[in-house]
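Written out below as structure tokens is the structure these notes cover.
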Amino acid sequence: MKNIQNTYFKFITLFLKWFEYFSGEYYLSFLKRERYSQQITTLGFSNNSFSDTAIIIQGQVIKKDNFTLNTVLIYKKRYPNALIIVSTWEEYESKELKEFAENNDFVILFNKKPINSGISNINLQIVSTKNGIEFAKSRGVKYCVKTRTDQRIYKKDFLNFLNSTRTLFNNNKHLAGYGLNDRIIILSLNTYKFRLYGPSDMFMYGHIDDIFKYWDVELDNRILNQLDINNTVIGWSQASLCEVYLCIKYLQKINYEVKWSIYDSWSVLTNFFIVIDKLSIDLFWFKYNRWFEFRRYTNSAVNLTEEFMFSDWVSSVDNMSNYIQELESLLLSENMSENINF
């Protein structure tokens, strides 16, 4: 079997070399990841048991390759003392799934779906996430990871990394004035530079009270085609859709005055969040063109789909050294339906 795999990888490498040669423009590489929990080692690199931490996995149970359940088993191998919660829907409830959860020492919640799933299913995410966090709080945990059933974290010591990052970049004195404990760690994946106040909601890590405050929000029952939205950067942001809806509600809750500017949006990411690159925890998304997972990454131009990465976050912390005033007038009038390059 090993020889067959090596032959496959040699074939892929040969194809990439061929593509590079004939394209004359690009360099390519590939990354392989294990599919099943049996392939994963239990070896860890931390003295912390993480018994004070919950990993909340929300969404539908992905049955292909038993993806969601294999993800749970991988986390259980790596963090046997952490509280692992799958927060899903009533339609997946079965005797077999309940027994699997009990036999493998994790919690599974079967939630009732809201009548209105919301724009881009935002209400489904709110309900399953909030219920998962509430259960974790009832168990007395202090920190939590919020992730999704169609995503998997491969980095073997990711909780240690997240905890160290939270501690290293603490901003407690400033945050205490807003009734918060820590910055919330989020991913560069789907955190766009020019979507104002739109930190990615796919993955979060932080103090459980802060995470709960973020997700303890009323459902958004608006209908997208009934909204009159100005199709500019600022127009889309002020419509408060999906990620922006959550963030604006959070900022209102902590009494932060939103100024609706790129400078202020980056300041929010700087002061209330820590943005890490998805490769820092090797997050894999079992969805949406996964064979081209770095398609948003660019070093050749600036465009509206560019993601806000850890390097951008560090530059923002450093007196907003990555910001120029011209961004405001240039981008706030650009049409969001176009992929702007400049």
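Tabulated results
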item	result
Contact order relative to length of segment 48-331, as percent, for alpha carbon pairs under 8 angstrom and 6 or more apart	20 percent
For L180, net neighbour charge (Lys/Arg +1, Asp/Glu -1) across residues whose Cβ lies under 15 Å away	+3
I84 long-range amide H proximity, modeled H, under 5 Å	I55, V107
Pairs beyond 27 Å (Cα-Cα), from K64/K95; K63/K142; K98/K278; K112/K137; K95/K156; K156/K253	K63/K142; K98/K278; K95/K156; K156/K253
14 Å cut-off, amide nitrogen to a point 7 angstrom out along K155 Cα→Cβ, residues in segment 197-219	203-206
For segment 240-255, Karplus couplings with θ = phi - 60° (6.51, -1.76, 1.60), whole Hz, Gly/Pro x	6, 9, 6, 4, 5, 4, 5, 5, 5, 4, 5, 5, 5, 5, 9, 6
Net length gained if the chain between E334 and W260 were fully extended (0.36 nm per residue, minus Cα distance)	25.1 nm
Qualifying lysines (Cα of each under 18 Å from Cα of K113; at least 8 residues distant if same chain)	K130
Value of relative contact order over segment 121-265, rounded to a whole percent, pairs C-alpha under 8 Å and six or more apart	28 percent
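Values in this text are rule-based calculations from the coordinates and carry no lab data. Every value quoted in this text rests on a predicted model; they were computed, and no experiment measured them. Every residue, glycine as well, gets a Cβ built from its backbone with ideal geometry; the counts of neighbours run over all protein chains shown.
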